[in-house]
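The values are calculated or read from the model by the stated rules, or taken from the named source; none is laboratory data. Since the structure is predicted, the reported quantities are computational estimates derived from the model, not experimental observations. All Cβ positions, glycine included, derive from the backbone under ideal geometry; neighbour counts span all protein chains shown. Keep in mind that these areas ignore ligands, DNA and RNA; they rest on the heavy atoms of the full protein, side chains included. Shrake-Rupley method; radii C 1.70, N 1.55, O 1.52, S 1.80 Å.
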Amino acid sequence: MDRLGSFSNDPSDKPPCRGCSSYLMEPYIKCAECGPPPFFLCLQCFTRGFEYKKHQSDHTYEIMTSDFPVLDPSWTAQEEMALLEAVMDCGFGNWQDVANQMCTKTKEECEKHYMKHFINNPLFASTLLNLKQAEEAKTADTAIPFHSTDDPPRPTFDSLLSRDMAGYMPARADFIEEFDNYAEWDLRDIDFVEDDSDILHALKMAVVDIYHSRLKERQRRKKIIRDHGLINLRKFQLMERRYPKEVQDLYETMRRFARIVGPVEHDKFIESHALEFELRREIKRLQEYRTAGITNFCSARTYDHLKKTREEERLKRTMLSEVLQYIQDSSACQQWLRRQADIDSGLSPSIPMASNSGRRSAPPLNLTGLPGTEKLNEKEKELCQMVRLVPGAYLEYKSALLNECNKQGGLRLAQARALIKIDVNKTRKIYDFLIREGYITKG
């Protein structure tokens with residue numbers, strides 16, 4: 001049975017013979033009973049009756065050859081494939097180069113046959129049109145769509161919108177700075193010359209192959225960003241916040257797998273888990289109603305109202321117990337009253353409230369013998385003892401805050417916390433002390 005071989009004219013493109021491992025030359029034999037993968041034999045191994053594992057010499061077989069006409073009686077299938085490969089290599093219209101590559105047909109024969117059977121043939125013309133339309137439909141959404149009469153968004157470089165869009169330029173469907181932005185630098189000094197040795201030529205080709213793989217990775221990442229709508233990150237984050245906290249945590253965990261499953265499947269997965277969370281919460285609420293003996297939704301509304309009232313009353317009792325604790329302790333009561341007076345007058349409270357956690361506060365720091373103590377006044381020494389801060393560190397923090405205040409003409413607490421990377425409560429006490437003593441002013 002004659003069949004068209006699905007390989008090119010290059011022997012290295014054909015699979016090897018399973019018997020002698022040599023490259024197959026047409027015609028060759030394919031076992032009709034073995035496979036996949038297909039079991040191929042050259043004519044010499046076939047005539048010897050070669051057998052291997054499950055393959056037996058009495059199996060039915062197919063003769064693989066392309067030496068038969070397809071579109072024109074004077075053109076074999078092998079010549080048809082050679083013509084298509086030559087046009088692909090040399091380009092359409094370069095018929096002399098195509099004929100030179102084929103070696104079996106003239107320039108006029110190649111042009112006439114190609115135009116007749118592959119260009120003006122209605123069957124092939126409709127097929128090419130469908131392929132072109134499919135390709136256009138596939139690449140239609142490569143950029144952010146906009147109407148032709150509209151001016152596409154062009155945010156100013158390094159603006160807030162530009163940073164949110166990661167430097168994306170919608171009009172070009174590209175980024176200002178690409179992933180692996182300096183991949184081309186490896187090719188800038190490469191030049192292919194005829195004097196190159198085989199090893200040097202192979203090394204240069206390896207560098208080009210590496211560059212191609214880096215380009216593929218760049219395109220893959222851009223496709224993930226485009227498919228998942230990650231260009232405008234702020235909009236994407238706002239969409240995430242519509243989910244409950246538990247679903248947001250799941251979204252954050254599963255984000256790394258989104259590139260594998262695709263945007264639609266990933267969204268379906270998150271939506272299904274969000275629905276599952278809502279169902280579980282409703283089931284838990286109904287179970288609570290049943291435990292309380294509630295059998296209808298009217299009673300459930302009354303139960304929810306009473307439950308909310310009880311929570312508010314419990315919170316009030318907790319606050320009252322804290323106030324009573326300060327009333328029973330005279331020193332704590334005085335501190336609490338002073339703190340409330342500072343808050344009412346708009347000042348930052350300087351006296352810490354007593355803690356009801358049951359833990360004893362740490363004793364003041366002993367500054368005896370510590371370097372830098374002699375540079376502090378009495379109030380600064382008292383501050384370092386209370387916040388348990390060594391004098392050298394305090395002087396360094398004080399200098400940083402003074403310099404920043406002189407530059408800015410004032411200093412806010414948030415700026416102080418950004419400069420001093422220590423406990424926020426200690427930063428607050430240092431900031432309030434420097435404000436109170438007149439070293440710095442509020443911004």
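At a glance:
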quantity	calculated
Where a label projected 7 Å from the Cα of D180 along Cα→Cβ would reach, residues of segment 197-219 with amide N under 13 Å	207-219
Net length gained if the chain between Y23 and M254 were fully extended (0.36 nm per residue, minus Cα distance)	78.4 nm
Sequence-distant residues sharing a close amide H with Y28 (under 5 Å, placed H)	M64
Sequence-distant residues sharing a close amide H with L411 (under 5 Å, placed H)	T441, K442, G443
Separation of alpha-carbon centers, segment 235-272 and segment 368-443, rounded to whole Å	44
Approximate spin-label separation K216-E33, in nm, with each point projected 7 Å along Cα-to-Cβ	4.0
Qualifying lysines (Cα of each under 29 Å from Cα of K284; at least 8 residues distant if same chain)	K245, K268, K307, K308, K316
T291 - accessible surface, heavy atoms, 1.4 Å probe, Å² rounded to 10	120
Accessible carbon and sulfur surface of segment 72-123 relative to its total accessible area, %, 1.4 Å	54
Spin-label model distance (nm) - A400 vs L275, 7 Å beyond Cα toward Cβ	5.2
Cut-off under 5 Å, modelled amide H: who pairs with D174 long-range	M169
Stretchable slack from L367 to V424, in nm (0.36 nm times residue separation minus alpha-carbon distance)	18.3 nm
Qualifying trypsin sites (Lys or Arg not before Pro) in segment 11-80, DSSP loop, other Cβ atoms within 10 Å at most 11	K53, K54
Extension reserve of the I199-V264 stretch, reckoned as 0.36 nm per residue once the Cα distance is removed	18.7 nm
